[in-house]
1. Pick from the stretch 26-65 the residues that are assigned to a loop (DSSP other than H, G, I, E, B) and modelled with pLDDT of 95 or more: which of them is surrounded by the most Cβ atoms within 10 Å (Cβ to Cβ)?
2. From the list Arg241, Arg275, exactly one residue is farther than 23 Å from Ile103 by Cβ, at pLDDT 90 or above and not assigned by TED's automatic domain parsing to the domain that holds Ser148. Which is it?
3. I need a count of the residues in the stretch 212-230 that are loosely packed, with under 14 Cβ neighbours inside 10 Å and assigned to a loop (DSSP other than H, G, I, E, B).
4. Condition first: within 19 Å of Ser143 (Cα to Cα) and either in a loop (DSSP other than H, G, I, E, B) or of a type in the set (Lys, Arg) (or both). Now tell me which residues in the stretch 231-250 satisfy that.
5. Quick test of your reading of the structure: Leu236 fulfils all but one of (1) surrounded by 15 or more Cβ atoms within 10 Å (Cβ to Cβ); (2) farther than 18 Å from Cys98 by Cβ; (3) in the same structural domain as Arg275 (by TED's automatic domain parsing). Name the failing condition by number.
6. Please pick out the residue among Leu195, Leu223 that is farther than 20 Å from Leu96 by Cα and within 26 Å of the chain's Cα centre (by Cα).
7. Check off (1) at pLDDT below 95; (2) in contact with a strand residue (DSSP E or B) (Cβ under 8 Å, 6 or more places away or on another chain); (3) surrounded by fewer than 17 Cβ atoms within 10 Å (Cβ to Cβ) for Asn93 and give me the number that stays unchecked.
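The values are calculated or read from the model by the stated rules, or taken from the named source; none is laboratory data. Given the structure is predicted, the values throughout are model-derived calculations rather than measurements. Ideal geometry is used to build each Cβ from the backbone, glycine not excepted, and the neighbour counts take in all protein chains shown.
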Amino acid sequence: MKNTTMWKENLYQQVEILLREHDEFPIGEHQHSFFEMTYILEGSGDFCAHTMGSEREWHTYEAGDLFLVPPNRIHLYTIRTHSRYVFIRFTENYVLDCIGRYIGHALEIQSGFRMELSSPDKEAVRQLVGLLVGEVSHKRSLSEMLWSNYVDSLILLAARGLHLPDTGIAPEEDKAQHLLLYIEQHIDQPEQLRLSVLAAKFRLSPTYIGRFFKRNFGEDFRLYVSKSRLKRVEELLIGSRMSVKEIASRMGYIDSCYLNKLFRQHHGVTPMQYRKIHASEK
């Protein structure tokens, strides 16, 4: 029998991917303490969610639809035909740590739950979800690193499809979002992240970029880039068999000695020690 009691669920990890299929949704109205992005792989039904006030927002759903529910929003799925879902659940801290404050704020203040995507973005989401499902279903070498990148890309595409209030995205903030995405896409190409290159691409003064980034994301630009590169190094150490020298070359560091020194400053251990520690935890 379906549980109709409204309940609240917590997430005890930063990201969780669930693949589910139902003829009848197993729970009634419920809420989470985290974000939940839902992609409809198959089927049809209805989605209902409480807005910030006392109103409710209703949508019918079909294959290819993408929904995003912020934390603490009561919502409900009602199935019409057998439905398959991909639930991508992530914490507020994950968005802030891995993507940025602007995106986190945009996701929080959204005024709609169904993402209205452009045709190119909708196709990109479809392909990314397909890749994500493949990695989650058949775990292979580098699977965790790959699906983490897919999740980040899906969150950014969802953010671009939000119904934000008219005052929600200023031109500067829109430029900031594109700057952040560009950094993520070129994090292993330091020459593409030089201030002169960014200034030309985003039509900003080289001396202004640091202040622009700080104002929009609350973090020092160079520190953010350094932390993001080291995070990718961590992923390669854990999820691949590449040597430290190969990783240094892949990520655009001067040499492995420099990477060793930088990594030790941030983590208190060398890259190889970090790899051994995490290998023993598996």
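1. Asp65
2. Values: Arg241 fails: at pLDDT 90 or above.
Checking each option against the conditions leaves just Arg275.
3. Final tally of qualifying residues: 2.
4. Lys231, Arg232, Ser240, Arg241, Met242, Ser243, Arg250
5. It is condition (2) that Leu236 fails.
6. So the residue among Leu195, Leu223 that is farther than 20 Å from Leu96 by Cα and within 26 Å of the chain's Cα centre (by Cα) is Leu195.
7. With respect to (1) at pLDDT below 95; (2) in contact with a strand residue (DSSP E or B) (Cβ under 8 Å, 6 or more places away or on another chain); (3) surrounded by fewer than 17 Cβ atoms within 10 Å (Cβ to Cβ), Asn93 is out only on (2).
So that you can scan it fast, the table gives a plain yes or no per residue for (1) of a type in the set (D, E, K, R); (2) outside the structural domain of Arg232 (by TED's automatic domain parsing); (3) in contact with a Leu (Cβ under 8 Å, 6 or more places away or on another chain); (4) crowded, with 20+ Cβ neighbours inside 10 Å:
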| site | (1), (2), (3), (4) |
| --- | --- |
| Asp121 | yes, yes, yes, no |
| Ala124 | no, yes, yes, no |
| Gln127 | no, yes, no, no |
| Gly130 | no, yes, no, no |
| Val133 | no, yes, yes, no |
| Lys139 | yes, yes, no, no |
| Glu144 | yes, yes, no, no |
| Trp147 | no, yes, yes, yes |
| Ile155 | no, yes, yes, yes |
